[in-house]
Amino acid sequence: MKHVLNELIDHQSLSKKEARAVLIELASGKYNPSQMSSFMTVYMMRNITVQELEGFRDAMLELCIPVKVDAPVMDVCGTGGDGKNTFNISTLSSFVVAGAGQPVAKHGNYGVSSACGSSNVLEYFGYQFTNDIDELKRSLDRANICFMHAPLFHPAMKNVAPIRKELGVKTFFNMLGPMVNPAFPKRQLVGVFSLELARQYGYLYQDSDKDFIILHALDGYDEVSLTGPFKFFSNAGERMASPDDLGLPQLSYADIRGGETVEESASIFLNILEGNGTGQQNTAVIANAAMALYCVNQSKGFLPAVELARESLLSGKAYGVFKKLVNK
């Protein structure tokens with residue numbers, strides 16, 4: 001590791017092969033906590049390269065517990081790390097997408113740089129995490145969604161988790177999270193915290209067989225915030241869009257702000273699903289769910305996807321999905 005750190009500190013980068021090897025050794029517990037912390041810190045101070053990102057991704061997928069399902073599942077997620085502390089928009093959007101008929105294999109974790117990640121909010125409502133493949137399949141059959149708590153599917157990362165928690169800021173593992181879904185979904189909406197990372201994701205996903213949307217709001221959000229224009233990368237290329245393009249109003253940060261605690265975040269989450277969210281909160285969820293549904297059928301344009309998402313949320317279908325997942 002000393003050699004690798006010296007290279008990185010000297011502004012060199014790793015090849016895809018080197019990045020894969022280092023992450024496998026990192027996961028095996030070969031390095032001490034100070035070395036692992038230093039390695040992660042390097043990538044807070046400079047951009048990761050496409051080759052490094054690809055190598056890290058390949059290592060994580062190689063080491064994961066795979067979940068093979070027959071349904072054409074989709075993941076709806078964000079990298080986190082945008083520092084905006086919005087409510088759990090992508091997690092809510094997952095239930096809306098499932099309620100609209102698209103099966104969802106949601107990959108999530110506890111919040112690292114935010115108060116409440118997807119795992120925090122589901123755990124709060126009593127959901128029991130599992131890596132039992134048969135149970136996950138039953139969840140898909142019952143609720144059209146399954147939830148995979150990342151640590152249960154990436155056991156090799158147990159050496160890294162305490163250091164990430166202690167650091168309390170985004171690391172390159174935030175960048176990797178959406179790429180290493182153990183269900184290997186063929187459809188994916190990913191929100192990322194920087195435009196540079198969006199381009200890198202787009203480059204890697206273009207070289208895959210996925211239907212994908214990679215998006216970044218130009219004012220810094222890792223989701224469609226509706227606070228201004230956003231850029232997205234898809235199978236068809238690169239495009240800019242605005243709230244007007246979705247037929248939705250522009251919002252302010254105050255409209256989509258999240259809670260300061262898990263309890264506050266869970267209250268906002270449940271209010272929205274139960275039909276008691278503000279119009280602005282509903283609109284933010286609809287926008288992100290719509291982009292996921294647009295990913296499934298990009299030829300039809302935005303507006304049919306927006307209507308599908310609106311109907312799923314406001315009719316209670318999304319809430320029905322949530323109850324089936326959590327209450328079994």
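Of note:
- Residues of the range 89-108 that are of a type outside the set (Gly, Ala, Ser) and in a helix (DSSP H, G or I): Ile89, Thr91, Leu92, Phe95, Val96, Val97.
- Taking every residue in the range 190-208 that is farther than 18 Å from Met74 by Cα and touching a residue at least 60 places away in the same chain (Cβ under 8 Å) and pairing it with any residue that is of a type in the set (Val, Ile, Thr) and surrounded by fewer than 23 Cβ atoms within 10 Å (Cβ to Cβ), at least 6 positions away or on another chain, the pairs with Cβ-Cβ distances below 7 Å are Gln200/Val50; Tyr203/Val50.
- Meets criteria (among the aliphatic types (A, V, I, L, M), closer than 24 Å to Lys210 by Cα, touching a Lys or Arg at 6+ places or on another chain (Cβ under 7 Å) and crowded, with 16+ Cβ neighbours inside 10 Å) for Met179: yes
- Qualifying positions in the range 109-145 - outside any loop (DSSP other than H, G, I, E, B) and in contact (Cβ under 8 Å) with a residue 60 or more places away in the chain: Asn120, Val121, Leu122, Tyr124, Ile133, Leu136, Lys137, Ser139, Leu140, Arg142, Ala143, Ile145
- When residues of the range 45-60 are limited to those that are assigned to a loop (DSSP other than H, G, I, E, B) and not hydrophobic (A, V, I, L, M, F, W, C), the one farthest from the chain's Cα centre (by Cα): Arg46
- Count - residues of the range 188-210 that are surrounded by fewer than 23 Cβ atoms within 10 Å (Cβ to Cβ) and within 13 Å of the chain's Cα centre (by Cα): 0
- Qualifying residue in the range 29-42 (condition: of a type in the set (Phe, Trp, Tyr), in contact with a strand residue (DSSP E or B) (Cβ under 8 Å, 6 or more places away or on another chain) and outside any helix (DSSP H, G or I)): no
- Search result, residues across the range 162-176 that are in a loop (DSSP other than H, G, I, E, B), on the phi < 0 side of the Ramachandran plot and surrounded by fewer than 21 Cβ atoms within 10 Å (Cβ to Cβ): Val169
- Some residue of the range 72-79 being assigned to a strand (DSSP E or B), closer than 23 Å to Leu122 by Cα, among the hydrophobic types (A, V, I, L, M, F, W, C) and at pLDDT 95 or above: yes
- You will find that of Asn276, Asn282, the residue that is at pLDDT 95 or above, under 25 Å from Gly117 (Cβ atoms) and more than 20 Å from the chain's Cα centre (by Cα) is Asn276 and no other.
- Any chance Val69 is closer than 30 Å to Val326 by Cβ and outside the structural domain of Ala217 (by TED's automatic domain parsing): yes
- Residues of the range 211-223 that are more than 13 Å from the chain's Cα centre (by Cα) and either among the acidic types (Asp, Glu) or not in a strand (DSSP E or B) (or both): Asp211, Leu218, Asp219, Gly220.
- Of the residues making up the range 267-288, just one is among the polar types (S, T, N, Q), touching a residue at least 12 places away in the same chain (Cβ under 8 Å) and outside any helix (DSSP H, G or I), namely Thr278.
- Candidate set from the range 272-328 (those that are surrounded by 18 or more Cβ atoms within 10 Å (Cβ to Cβ) and of a type in the set (Ser, Thr, Tyr)); member that is nearest to Phe125 (Cα to Cα): Tyr319
- Residues in the range 6-20 that are assigned to a helix (DSSP H, G or I) and either touching a residue at least 24 places away in the same chain (Cβ under 8 Å) or of a type in the set (Val, Ile, Thr) (or both): Leu8, Ile9, Lys16, Lys17, Glu18, Ala19, Arg20.
The values are calculated or read from the model by the stated rules, or taken from the named source; none is laboratory data. No experiment lies behind these values; they were computed from the predicted model shown. When we count neighbours, we look across all protein chains shown, and the Cβ atoms used for this are built from the backbone with ideal geometry, even at glycine.
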